[in-house]
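Here is the structure we will look at, set down as structure tokens.
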Amino acid sequence: MKEAPSWGIEPVPDRLRVLGALDTFLLWGNLGISLLVLVAASYFELSLKQAVLATLVGGLIGNAMLGLAAMIGAQARVPTMVLQRAPLGQRGSYLATALNVLQCLGWAIFELIIIATAAAALSDKVFGFEAAWMWKLVFGAVATALALLGPIGFVRRFVRKVAVWAVAASVVYLAVWILRHGHVGRLWGEGGSGGSFWGGTDLVIALSVSWIPLVADYTRFSTGRRAAFWGTGLGYLLPTLFQFGFGAILVLSHPAIDGPTAVLTTVAAGGVASLLALLALTVDETDEAFANVYSAAVSLQNLAPRAPQRLLIVGASAIATGGALAFDLTQYAQFLYLLGAFFVPLFGVLIADWLRRGRRYAHDDIFAGPAVRPGMIAAWVAGFFVYEWLYQPTDLGFWSDFLAKLHPLESQIGASLPSFVVAFGLALVGGALERRAREAFAAA
């Protein structure tokens, strides 16, 4: 069965490597569309010119990094958290795995809340009732069904046949609506509100690299490295440029828009066509819940390889749906961003180790390495501290207070690139010292 929805942590065989560049492009283009991102440009506080340039620069950098991670996953043919066994060690990868499972479940909850809130706003406008709890159950069930298809089935049965057409039509309509109801000519000549250009660029980079902990879960089924790199990089780049670029026009033209629900109520006021377009985008948001549910299950298999993947998928989806019913949207958003800060420097460590091994991971590099690689873990943790020191998160209690006492530096280039560079550099040094130690021990 070519769809192999339950393939585990072993390298995917050639007979199942069937997702070409177009399939991969469609997958990541579909995952890239999100109501959350459409309003993210409100955090820029930049002029429209600056926001567009920040989107272009950040999109190219972030998606080049995402494409590179996708390519490494396609070459190794294993899930991302299994791939981390090479740089961190067999058991060292468990720490990254636990963080990624928490992150995936957290974002799945967050996305189900967003989808249900948006659907409730639309149903209230059309039918006069909200029933957000019902929509959480409905979209939780949809996410479960999609995750059970697996990446190949998801692309071939859902994306190709349904999602790509609905989303493409919605995006075109939404772009036209934004241009018609925006003030592009006036905004192009106006200044910003004092925002940082590199801070905006960093936000765009962070969006793209936030998918790095998941990307190999899907590109392990790609036909090859080029298909994975170009399909993923370009597939996610285009919606990134659309959402931040047109999102900047939207939020600058309509300052009252402060969240996904506000997007719905503003655009839906345009009539039936607007309502249908936004309904399609709301349904498409389920794709991201699918990805987080599926990757949570696959990541758990790095800890428990013999656990049935289907059972893990159903369990992860049940937790996400229950969490969406139980939690308030704003209670843990900063905690999710804190978890995300671990994965930019982790990518730096992975790249350093991959380059040191000749830009290729062999089977034994992943499955027969040491239990723990302390130097690489130290490089990862150092990169995380640099990220947090520069980013300075708020509303995290003692952690925010601790960082404030360290005299944070006013970074002109954000936090993502510095943390990546620090982790990458330290990992190169740590890898060289580790090799010398092994050689000295062998010679003794």
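The values are calculated or read from the model by the stated rules, or taken from the named source; none is laboratory data. None of these values were measured; they are calculated from a predicted model. Heads up, the Cβs are rebuilt from the backbone with ideal geometry, glycines too, and the neighbour counts pull from every protein chain shown. Side chains included, ligands, DNA and RNA excluded: accessible areas come from the protein's heavy atoms. Shrake-Rupley method; radii C 1.70, N 1.55, O 1.52, S 1.80 Å.
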Notebook entry, point to check: On a 0 to 90 degree scale, rounded to 10, what angle separates helix 374-391 from the longest Cα axis of the chain?
Noted result: 30
Margin query: Once you order the gyration tensor axes a ≥ b ≥ c over the Cα atoms, which shape class does the range 168-207 get: rounded for a/c under 1.5, otherwise prolate or oblate by comparing a/b with b/c?
Written below: oblate
Next item on the list: Could you work out how far helix 197-209 tilts from the main Cα principal axis of the chain, as a 0 to 90 degree angle to the nearest 10?
Entry: 70
Notebook entry, point to check: Counting Lys and Arg as +1 and Asp and Glu as -1, each charge on the Cβ, what is the dipole of the chain about the Cα centre in debye, to the nearest 20?
Noted result: 1520
Check: Of the heavy-atom accessible surface of the range 30-158 (probe 1.4 angstrom), what whole percent is carbon and sulfur?
Finding: 67
Check: What's the angle, to the nearest 10 degrees (0 to 90), between helix 225-253's Cα axis and the longest principal axis of the chain?
Finding: 40
Check: Mind checking which aspartates and glutamates have their C-alpha under 18 Å from LYS49, skipping anything on the same chain fewer than 8 residues away?
Finding: GLU190, ASP202
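In the range 355-444, what GluC sites (Glu not before Pro) fall in a loop by DSSP, with at most 12 other Cβ atoms inside 10 Å?
On the way: sites: GLU388, GLU410, GLU434, GLU439; in loops: GLU410.
The qualifying sites are GLU410.
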Margin query: Only Cα pairs within less than 10 Å get springs; with that Gaussian network setup on the chain, which residue of PRO370, PRO308, PRO13 has the largest fluctuation?
Written below: PRO13
Checklist line | Exposure rank, largest accessible area first [ASP217, ASP401; 1.4 Å] | finding: ASP401, ASP217
Item checked: Solvent-accessible area per residue for the range 181-225 (1.4 angstrom probe, square angstrom) -> 37
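Taking chymotrypsin sites (Phe, Trp or Tyr not before Pro) as exposed when DSSP calls them loop (any state but H, G, I, E, B) and at most 14 other Cβ atoms lie within 10 Å, what is the longest stretch of the chain free of them, the sites themselves excluded? Each step should come with its number before you reach the end.
On the way: sites that count: PHE129, PHE327.
With chymotrypsin sites (Phe, Trp or Tyr not before Pro) excluded where exposed in loops, the chain gives 130-326 as its longest stretch.
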Checklist line | Dimensionless Rg over Rh [the range 1-153; C-alpha; Kirkwood] | finding: 1.02
Margin query: Placing +1 on the Cβ of each Lys and Arg and -1 on the Cβ of each Asp and Glu in the chain, which of PHE242, ALA51, ALA40 has its Cα farthest towards the positive end of the resulting dipole?
Written below: PHE242
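Is there a quick way to get the dipole size of the range 23-177? I mean about its Cα centre, with the Cβ of Lys and Arg at +1 and of Asp and Glu at -1; what is the value in debye to the nearest 20?
500
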Note to self: Which one, ALA404, ALA368, VAL349, projects farthest toward the positive side of the charge dipole computed for the chain from Cβ point charges (K/R +1, D/E -1)?
What the structure shows: ALA368
